[in-house]
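**Student:** Before I ask anything, let me first share the structure, which is written out below as C-alpha cells.
The values are calculated or read from the model by the stated rules, or taken from the named source; none is laboratory data. In this text the structure is predicted, and so the values were computed from the model without any measurement. We place every Cβ from the backbone using ideal geometry, glycine too, and count neighbours over all the protein chains shown.
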Amino acid sequence: MSFGVLGRRGGGGSGAIRAKTLSAHALAGVSGALNTISGYGLLAPTFAKTGGNANLTINGATGAVSATTGIAANASQTISGTITGSDGCVLPFSLTLAAYAAVAISGTPPASATIGSSYSFTPNGSGGYGASAFALVGALPPGLTFDPATGAIAGTPTQIGDFGGLSITFSNSAGSASLATFDINVTAAGSHVAGSLDFTDPEGAGLGEFTGAL
C-alpha cells in the first residue's frame, strides 16, 4: 500500500492518509466498463486519469474505468489518477486490473466399466481466479470415489448397473462450468452382447437357431 496526502488544491492539506492502491479482476477480452472507482466519501467527487496504460480510461463523473480493447488473459493493466471533492480535497489512486480466462471444464468420462477392473477419469478445469474446486452431481457406482481437489473419478466398481445423471462442476471466484451429464454402465467381467446364430449343415439342411450370449 502506498501513502499519499489528501489535501486541498493549492495547499492547506488536511493531513496524511493512505492513498488508494486498488486491484480487481476482469474477464479477458472484454472491452467497455470493467470497474468503478469509489468516491471514498469526498463531496461530489470527480475523477481524472494521471497515468497508466493507454488502453484504460476513467469517466470523470462516475469513476467507471473502461478498456478500449479487452485485456489478454493472464495479463494486467494499471490506471492511476485522482479523486477530487467539490471542496478541493484530492485523493490519488492506482487501480490494477488482472485479466482471467473464462471458467471452463472439459473431458469425456468413459461410459463403461467392468466389475473387478480399474476405472479412472480426470477432467480438465481451467480459467477464473482464486481457489478452485470440483463437485460431483449424482451417485457413482459402488467402488468408485470422487476427488473434489482434482475432479478425478477412480476405483474398481463392485456392482453391476447403469449409473446415470452424473456431472462434474469446476468452480472458483469467477464462476463455474459443468460437464454434460453422463452415465457409467457397469457390467460383469466376460459379459458379451446378446444375439442369435442360424446353424446350417453342409448339405443345406437347417439345424435350427441358437439365441443367447455370444
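**Student:** What is the one condition in (1) surrounded by 12 or more Cβ atoms within 10 Å (Cβ to Cβ); (2) of a type outside the set (K, R); (3) part of a loop (DSSP other than H, G, I, E, B) that G125 does not satisfy?
**Tutor:** (3)
**Student:** Now, a different point. Counting only residues that are surrounded by 10 or more Cβ atoms within 10 Å (Cβ to Cβ) and at pLDDT 95 or above, give me the strands (runs of 3 or more DSSP E) lying completely in segment 131-214 with at least 3 of them.
**Tutor:** By residue number, 133-137, 144-146, 153-155, 161-172, 175-178, 182-187.
**Student:** Right, next: Tell me which of these N53 doesn't satisfy, since it passes every other one: (1) closer than 24 Å to A72 by Cβ; (2) without any contact (Cβ under 8 Å) to a residue 40 or more places away in the chain; (3) surrounded by fewer than 13 Cβ atoms within 10 Å (Cβ to Cβ).
**Tutor:** (3)
**Student:** Also: In the set S94, S2, S76, S80, which member is at pLDDT below 95 and among the hydroxyl-bearing types (S, T, Y)?
**Tutor:** Sole residue among the options that is at pLDDT below 95 and among the hydroxyl-bearing types (S, T, Y): S2.
**Student:** With the structure loaded, tell me whether A102 is under 28 Å from the mean Cα position of the chain (by Cα), in a strand (DSSP E or B) and under 21 Å from A174 (Cβ atoms) or whether it fails that test.
**Tutor:** No.
**Student:** Is it fair to say F47 is aromatic (F, W, Y), surrounded by 16 or more Cβ atoms within 10 Å (Cβ to Cβ) and out of contact with any Phe, Trp or Tyr (no Cβ under 6 Å at 6 or more places or on another chain)?
**Tutor:** yes
**Student:** Please verify whether segment 20-27 includes one or more residues that are part of a loop (DSSP other than H, G, I, E, B) and touching a residue at least 12 places away in the same chain (Cβ under 8 Å).
**Tutor:** Checking segment 20-27: not a single residue is part of a loop (DSSP other than H, G, I, E, B) and touching a residue at least 12 places away in the same chain (Cβ under 8 Å).
**Student:** OK, next. Return yes or no: is D87 surrounded by 12 or more Cβ atoms within 10 Å (Cβ to Cβ) and of a type in the set (D, E, K, R)?
**Tutor:** Taking the combined requirement at face value, the residue does not satisfy it.
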